[in-house]
Amino acid sequence: MRLKQCHNFKDFRKLAQRRLPGPIFNYIDGAADDEVTYRNNTTSFEECDLIPSVLRGVESVDMSTTVMGQKLDLPVYCSPTALQRLFHHRGERAVAAAASKYGTMFGVSSLGTVSMEELRKTYSTPQVFQFYFHKDRGLNRAMLERAKEAGVEVLMLTVDSITGGNRERDLRTGFSIPFKLTLAGMLQFAIKPMWGINYVTHESFKLPQLDSHVDMSGGALSIGRYFTEMLDPSMNWDDVAEMAEFWDGQFCLKGIMSGDDAKRAADVGCTGVILSNHGGRQLDGSSTAFHQLTEVVDAAGDRLDVMMDGGVQRGTHVLKALSLGAKAVGLGRYYLFPLAAAGQPGVERALGQMRAEIERAMKLMGCTSLDQLTRGNLRFR
Ligand SMILES: Cc1cc2nc3c(=O)[nH]c(=O)nc-3n(C[C@H](O)[C@H](O)[C@H](O)COP(=O)(O)O)c2cc1C
């Protein structure tokens, strides 16, 4: 199977599975507990149907949107994800380059593997910095200052990871940073030598957002332990108010799921919220962003930009979310599998397909701009 044969999410996932050692594939593909929420994320889009309007003259379609003060050519963006250079040796560089080509925003994780400064200097498309709130207040302040100084446009505080999700696939393989594999996990690396050759012949693995504060040489820091030992479970609304004031710019909370919390976010000075259950990787049994979208959009009114992510695999999923009032939609595994499968050309191919699908679906819906998508376009069964 090759890149040219990848026509949708499932094809990219299959190609990524062939290229990646099992523990890494399962880190991306996996979710918490029984992965119920993970599965529901995609199927929730299928509980409602689009109602097209015809004969409207749709020769040219404008897919641009403005969200968090950023003008994007597409209503989708690359949501921040950790450890991208493990998936492909160019990691964040490949994703940022592809996002720039398509005129959209990309996220850089606190657990990113390329520095936010390098990415900000190299690519001109809007950049989000995803922030985790650490126990070490000095580290928090230093990270916010770095992001400000680098010229990052949007700060995104993730609020759904107050403790680590129970990711059983990672427990089975021994996935951690640095690797501390189980025997079965090691065997899975041994049968993917190309990945290993690429990994050892490129720049060594780093977490440049954290490395001045975290000593990684002392042993394995599993992702679960990062969440439970380094992040601050006492984080509350007062902390958010303080951060938003300090940031003094576009500031959103990622992982809001209720109308009440959205109102509270606006009250403490946030400019946006992202409905998200972290791709099903945190609270299994949680509702889906799509199910909660109407409640949050209504609560937000015009005080907040509302975005959502989780399970998006098709242009029609994006259209359904925009019809309920989301301003933009985040992609996670949708670009991670293409990154793992083929680096920058993979991510470009996936974003190109997403753009084509959104454009085609808008034409078939009889819409020439995103503001024509309304709740009237949808019927829940
Ligand atoms: C491998 C992986 C790593 C992720 N790392 C982060 C992260 O570091 N910070 C964060 O806020 N969200 C992270 N996420 C969540 C994504 O930003 C996004 O919310 C989620 O992937 C959306 O679901 P989807 O993958 O079904 O599109 C990660 C997701 C995946 C799959």
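Taking 8 Å as the Cα distance limit and 6 or more residues as the minimum spacing, I'd like the relative contact order of region 72-175 as a percentage.
Dividing the mean separation by the residue count of region 72-175 yields 23 percent.
Relative contact order for the chain: what percent, with Cα pairs under 8 Å and sequence separation of 6 or more?
Relative contact order, the chain: 29 percent.
By how many nm would the segment from LYS4 to ASP34 lengthen if fully extended, with 0.36 nm per residue of separation less the alpha-carbon distance?
That pair, LYS4 and ASP34, stretches by 7.5 nm at full extension.
Would you please classify the overall shape of the chain from the alpha carbon gyration tensor, given that a ≥ b ≥ c denote the square roots of the eigenvalues, rounded means a/c under 1.5, and beyond that prolate means a/b larger than b/c while oblate covers the rest?
oblate
In this model, which of LYS14/LYS254; LYS263/LYS327; LYS4/LYS101; LYS10/LYS121; LYS14/LYS327; LYS14/LYS192 are farther than 22 Å apart at the alpha-carbon?
Table pairs above 22 Å Cα-Cα are LYS14/LYS254; LYS10/LYS121; LYS14/LYS327.
Can you find, among TRP247, GLY280, SER258, the residue sitting farthest towards the positive end of the charge dipole of region 245-301, where Lys and Arg contribute +1 and Asp and Glu -1 at Cβ?
Comparing the listed Cα positions along the dipole, GLY280 ranks first.
Mind putting a number on the dipole of the chain about its Cα centre? Charges go on the C-beta only, +1 for Lys and Arg and -1 for Asp and Glu, and I need it in Debye to the nearest 20.
1680 debye
Note down the magnitude of the dipole of region 308-369 about its Cα centre, charges +1 on Lys and Arg C-beta and -1 on Asp and Glu C-beta and zero elsewhere, to the nearest 20 debye.
120 debye
Would you mind putting 88-101, 290-303, 228-241 in packing order, based on average other-beta-carbon counts within 10 Å, highest first?
Final packing ranking: 88-101, 290-303, 228-241.
Computed from the coordinates by the stated procedures, all read-outs in this text should not be read as laboratory data. All figures in this text were calculated on a predicted structure; none of them were measured in a lab. FYI the Cβ positions are ideal-geometry reconstructions off the backbone, even for glycines, and counts take in every protein chain you see.
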